[in-house]
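> I'd like to ask you about the structure that follows.
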Amino acid sequence: MPLETIEDKKRVLREMLFARRFEERCYEAYVERKIGGFLHLYPGQEACVHGVMEAARPGFDYVITGYRDHIHAIKCGCDPKAVMAELYGKATGCSRGYGGSMHLFDVEHRFMGGYALVGGPFPLAAGIAKAILMQGGEEISICFLGDAANNQGTFHETMNMASLWKLPVLYVCENNLYGIGTRIDRSTAVVDQYKRVCGYNIPAVQVDGQDVEAVYEAAKEAVAHVRARKGPYFMELLTYRYRGHSMSDSNAYRPKEEERKWSRRDPIIILRDRLVEAGAMTHDDYKRMDDEILDEIENEIVPFAERSPEPRVEDLERYVLADDDSCRRA
Amino acid sequence: MAEMALWEAVRRAHDEELARDPMVIVMGEDVGLAGGTYKATLGLYEKYGPERVIDTPISENSFTGLGIGASFLGVRPIIEIMSVNFAWLALDQIANTAAKVRYMSGGQLQAPVVIRSPGGVAHQLGAQHSARMEKVFMGIAGLRVVTPSNPRQAYGLLKSAVRCNDPVFINEHEYMYNLRGEVPDEEYLHPLEGSEVAREGRDVTLFGYNISVHWCLKAAERLAAEHGIDCEVVDLYALSPLDRAGIARSVAKTHRAVIVEEAEAPCGVGAEVMAIINEECFYELDAPPVRVSARNVPIPYNRTLERAAIPDPDEVVAAVLRLLGR
Ligand SMILES: Cc1ncc(C[n+]2csc(CCOP(=O)(O)OP(=O)(O)O)c2C)c(N)n1
Ligand SMILES: [Mg+2]
């Protein structure tokens with residue numbers, strides 16, 4: 001699904017706006033206590049997953065990420081109703097209510113999950129890439145994680161193996177400058193994340209993560225490199241989250257001036273203004289788009305989650321071990 | 001039936017599984033060109049190539065995670081962790097990913113990896129190379145734990161583990177790779193659940209696993225010869241899930257239980273077996289069950305201290321005599 005024509009750009013604008021409104025609605029549902037646990041929202045970072053996945057093949061390429069995973073799942077093709085139902089803990093959720101916000105899965109669409117341990121998905125993505133090589137497919141493995149995850153041992157251990165074995169894996173670092181309340185320059189000796197893979201001989205770029213078209217252009221090259229089986233690739237996308245780290249985060253540690261600066265670089269507004277300037281849409285068109293989205297969320301997605309059944313307590317011990325006879329064949 | 005060393009039995013299982021299924025791979029430190037620290041993969045690098053018998057960097061958590069990720073797509077990795085002491089570094093991926101992914105995905109993903117590793121107290125390897133970690137792994141829901149006491153089990157358990165859709169941890173013993181025993185000539189899959197009666201007896205049940213099965217058998221011989229006591233020895237080769245029915249069956253027969261473990265007592269196999277006896281067959285007991293466990297210390301280097309830290313057949317004999325009031 002390339003981001004080349006005006007129609008593509010309008011579609012992606014709609015998807016990014018949908019992502020924004022979806023997350024804002026999650027915020028409300030959390031405040032209403034319909035959603036429990038930890039909830040990490042995506043507003044501000046929409047251009048990252050959309051720009052990269054426009055250059056890849058959602059539903060075909062394997063995607064894995066951390067706990068900030070709602071929009072990654074949806075972009076891979078997961079039904080937003082199933083995502084919302086999962087957040088509500090319902091049996092119709094994409095993980096049947098066993099996962100929650102941080103553990104969305106949609107294996108049919110090759111969304112291989114959200115994982116809560118910072119840095120955990122690095123080696124999993126490399127393993128998926130190893131399996132792709134063994135099975136001779138054309139897929140690639142794509143791993144989205146944050147900047148602070150790069151301070152985990154798994155980052156360095158996995159970059160080494162991925163490069164050594166030329167694994168078809170694309171690592172996307174969504175650098176939003178913070179790991180919870182610790183700004184990157186207070187936790188990390190080398191602030192430019194793309195430089196950190198040089199020691200592993202992995203090609204890397206740093207891109208404006210607020211400009212979906214710039215992300216897309218850079219991702220085309222990255223995806224082509226990985227798909228051509230030339231080995232791993234690393235993208236650093238400079239971005240910002242518009243809310244606290246999670247719902248339990250006051251966000252008090254960020255300078256207001258910094259927040260204002262980044263809010264003027266809203267990825268949705270950047271793309272919208274470009275389309276308006278090009279005469280491809282009007283502000284009224286945009287407003288209509290927004291209304292349609294809000295309507296879909298309010299009248300289809302939320303009611304689906306509300307009305308869906310809870311998982312059954314009788315199924316509490318299901319899925320702990322395999323329920324086939326593979327372990328009892330002897 | 002051919003007699004072979006335990007390492008040869010493990011090697012044969014690797015070889016047959018690699019030959020049977022092209023999705024089986026072996027990975028770990030020095031498993032390839034070097035043939036494995038305990039020769040468990042000797043010659044397999046030459047036979048199956050570097051893409052399937054993979055020498056990894058010293059990155060336990062990440063190569064374990066890499067194997068787990070590959071298993072999501074149907075690859076069947078056998079991951080060797082050179083010494084179980086290093087498995088602490090891989091606990092994140094084992095416990096947080098392999099054991100939980102089926103559950104937290106609502107049954108969509110599974111991690112059919114085999115993780116095998118030698119552990120136990122060997123020959124003066126010191127505190128950081130003498131861990132017995134089975135109790136740690138037993139406490140993780142979603143992970144199976146098995147531990148062979150002889151070459152037949154080592155061979156058959158590995159083969160079954162490779163075909164099992166759950167993650168399986170195989171706890172081998174560093175001291176036992178040269179132990180010889182019979183292994184069927186034809187292919188043999190050992191069950192991943194249950195227990196085996198290694199010796200029939202009437203008076204008292206000795207529960208053991210891995211190396212402690214041998215201590216139990218030796219003790220049973222002496223108790224029979226010197227004291228006329230007839231011990232049953234039950235081999236708990238499956239530590240998770242434990243064979244509740246098998247434990248209860250033997251206690252219902254002998255009415256007395258001694259659990260022998262090379263590990264420290266707290267939160268261990270002995271504690272768990274005692275709890276099961278309590279829950280399943282308390283009123284069958286003629287005397288309170290007894291544990292024979294390691295002392296609760298890091299394992300010392302000095303040979304005398306090292307041996308004093310763990311049980312031996314003499315301690316088992318003494319425990320049985322005490323239990324019978326002799
Ligand atoms: C191993 C581990 N340590 C700590 C945490 C707590 N934690 C959750 S998110 C987070 C910050 C991660 O920041 P980053 O990787 O930049 O991702 P972002 O949240 O900014 O998207 C921390 C410390 C965790 N989940 N896992
Ligand atoms: Mg961050």
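The values are calculated or read from the model by the stated rules, or taken from the named source; none is laboratory data. Source: prediction; values computed, not measured. Positions of Cβ are backbone-derived with ideal geometry, glycine not excepted, and every protein chain shown enters the neighbour counts. Keep in mind that these areas ignore ligands, DNA and RNA; they rest on the heavy atoms of the full protein, side chains included. Shrake-Rupley method; radii C 1.70, N 1.55, O 1.52, S 1.80 Å.
> Residues with beta-carbon under 13 Å from that of B:Glu264, excluding B:Glu264: net charge, scoring Lys, Arg +1 and Asp, Glu -1?
Within the 13 Å Cβ shell, the charges total +1.
> Kindly provide the helix-only [θ] at 222 nm of chain B, computed as the sum of -39,500 (n - 2.57) over DSSP H runs of four or more divided by all residues, to the nearest 500 deg cm²/dmol?
Per the formula, -10500 deg cm²/dmol.
> Let me ask something else. Does segment B:196-323 come out rounded, prolate or oblate by the C-alpha gyration tensor, with a ≥ b ≥ c the root eigenvalues, rounded set by a/c under 1.5 and, if not, prolate when a/b is larger than b/c and oblate if not?
The shape class here is oblate.
> Heads up, I need the accessible area for A:Lys10: 1.4 angstrom probe, whole protein in place, Å², nearest 10.
60 Å²
> Given axes a ≥ b ≥ c from the Cα gyration tensor, I'd like to know whether chain A is rounded (a/c under 1.5), prolate (a/b larger than b/c) or oblate.
Rounded, because the longest to shortest axis ratio a/c is under 1.5.
> So, one more: Going by the alpha-carbon gyration tensor, a ≥ b ≥ c the square roots of its eigenvalues, is the protein assembly as shown rounded (a/c under 1.5) or, if a/c is not under 1.5, prolate (a/b greater than b/c) versus oblate?
Prolate, since a/c reaches 1.5 and a/b exceeds b/c.
> Hey, another quick one. By a straight-distance test (C-alpha under 18 Å), which lysines pair with A:Lys287 as possible cross-link partners, with residues fewer than eight away in the same chain excluded?
A:Lys9, A:Lys10
> For A:Leu104, enumerate residues with amide H under 5 Å from its amide H, sequence gap 5+ or separate chain, H modeled in the peptide plane.
A:Gly114
> I've got another one for you. Can you flag which of A:Lys195/A:Lys220; A:Lys90/A:Lys261; A:Lys34/B:Lys100; A:Lys166/B:Lys135; A:Lys220/B:Lys47; A:Lys81/B:Lys159 are past 31 Å Cα-Cα?
A:Lys90/A:Lys261; A:Lys166/B:Lys135; A:Lys220/B:Lys47; A:Lys81/B:Lys159
> Moving on. Taking a cut-off of 23 Å between Cα atoms, list the lysines near B:Lys253, but don't count ones fewer than 8 places away on the same chain.
Candidates past the 8-residue exclusion: B:Lys218.
> Can you give the calculated 222 nm mean residue ellipticity of chain A, where each DSSP H run of n ≥ 4 adds -39,500 (n - 2.57) and the sum is split over every residue, rounded to the nearest 500 deg cm²/dmol?
-12500 deg cm²/dmol
> For the protein assembly as shown, with only Lys/Arg (+1) and Asp/Glu (-1) charged at the beta-carbon, what is the dipole magnitude about the Cα centre, in debye rounded to 20?
For this selection, approximately 780 debye.
> Students often check this: by mean Cβ neighbours within 10 Å, which of B:239-245, B:298-304, A:93-99 ranks highest, and how do the rest follow?
Top of the packing list down: A:93-99, B:239-245, B:298-304.
> Can you give the mean number of other chain Cβ atoms that lie within 10 Å of the Cβ atoms in peptide A:316-325?
Neighbouring Cβ atoms belonging to other protein chains average 6 per residue here.
> Which length gain, in nm to one decimal place, applies between A:Arg186 and A:Glu317 when the Cα-Cα distance is subtracted from 0.36 nm times their residue separation?
42.8 nm
> Size of the dipole of segment B:199-326 about the Cα centre, Lys and Arg at +1 and Asp and Glu at -1 on the beta carbon, nothing else charged, in debye to 20?
220 debye
> Moving on to the next point. Using the Cα centre of segment A:6-329 as origin and beta-carbon charges of +1 (Lys, Arg) and -1 (Asp, Glu), tell me which of A:His156, A:Val226, A:Tyr98 is placed farthest towards the positive end of the dipole.
A:His156
> Beta carbons within 10 angstrom, averaged per residue: use that to sort the peptides B:26-36, B:249-259, B:176-186, A:221-231, highest first.
The densest-packed peptide leads the list: B:249-259, B:26-36, A:221-231, B:176-186.
> Dipole of chain B (Lys/Arg Cβ +1, Asp/Glu Cβ -1, origin at the Cα centre): which of B:Ile78, B:Phe169, B:Gly325 lies farthest to the positive side?
B:Gly325
> In addition: Are there cysteines in chain A with no other Cys C-beta under 4.7 Å, and if so, which?
A:Cys26, A:Cys48, A:Cys76, A:Cys78, A:Cys94, A:Cys143, A:Cys173, A:Cys198
> From the phi of every residue in segment B:199-207, what ³J(HN,Hα) in whole Hz does the Karplus formula 6.51 cos²θ - 1.76 cosθ + 1.60 yield, where θ is phi - 60° and glycine or proline is x?
7, 7, x, 10, 8, 7, 9, 9, 8
> Here's a follow-up. Rounded to the nearest 100 Å², what is the sum over both chains of accessible area buried where B meets A, with a probe of 1.4 Å?
3700 Å²
> Calculate how many DSSP beta bridges within chain B are antiparallel, expressed in % of all such bridges and rounded to the nearest 5.
20 percent
> Return the unpartnered cysteines for chain B, using a Cβ-Cβ cut-off of under 4.7 Å.
Those would be B:Cys216, B:Cys231, B:Cys267, B:Cys281, since no other cysteine Cβ in chain B comes under 4.7 Å of theirs.
> Using packing as a proxy for protection, rank A:294-300, B:260-266, A:278-284, B:196-202 so that the peptide with the highest average count of other Cβ atoms within 10 Å comes first.
In descending order of packing, they fall as B:260-266, B:196-202, A:294-300, A:278-284.
> Further question: Thinking of segment B:2-183 as a set of Cα atoms, what percent of all their pairs are more than 24 Å apart?
The share of Cα pairs beyond 24 Å in segment B:2-183 comes to 30 percent.
> Of the DSSP beta bridges with both residues in chain A, give the percent that are antiparallel, rounding to the nearest 5.
Around 10 percent antiparallel, to the nearest 5.
> Shielding of A:112-124 by partners, i.e. mean partner chain Cβ atoms within 10 Å per residue?
6
> Another one. Counting other Cβ atoms within 10 Å of each Cβ, which GluC sites (Glu not before Pro) in segment A:55-156 have at most 14 and sit in a DSSP loop?
Loop-located and lightly packed - A:Glu138.
> Next question, about the same structure. Please give the charge dipole size of chain B, origin at the Cα centre, charges +1 on K and R Cβ atoms and -1 on D and E Cβ atoms. Round to the nearest 20 debye.
Dipole about the Cα centre, nearest 20: 380 debye.
> Right, something else. Name the long-range amide H neighbours of A:Gln45: under 5 Å, sequence gap of 5 or more, or other chain; modelled H, no Pro or chain starts.
A:Tyr242
> Related question: Using θ = phi - 60° and the Karplus curve 6.51 cos²θ - 1.76 cosθ + 1.60, what whole-Hz ³J(HN,Hα) does each residue of segment B:279-292 get, with Gly and Pro shown as x?
6, 9, 8, 3, 6, 7, 6, 9, 7, x, x, 10, 9, 10
> Take peptide B:73-79, look around each residue's Cβ out to 10 angstrom, count Cβ atoms belonging to other protein chains, and average those counts.
That average works out to 4.
> Per-residue HN-Hα couplings for segment B:54-68, Karplus 6.51 cos²θ - 1.76 cosθ + 1.60 at θ = phi - 60°, whole Hz, x for Gly and Pro?
Here the 3J(HN,Hα) series is 9, 6, 9, x, 7, 9, 3, 5, 7, 6, 5, x, 5, x, 5 Hz.
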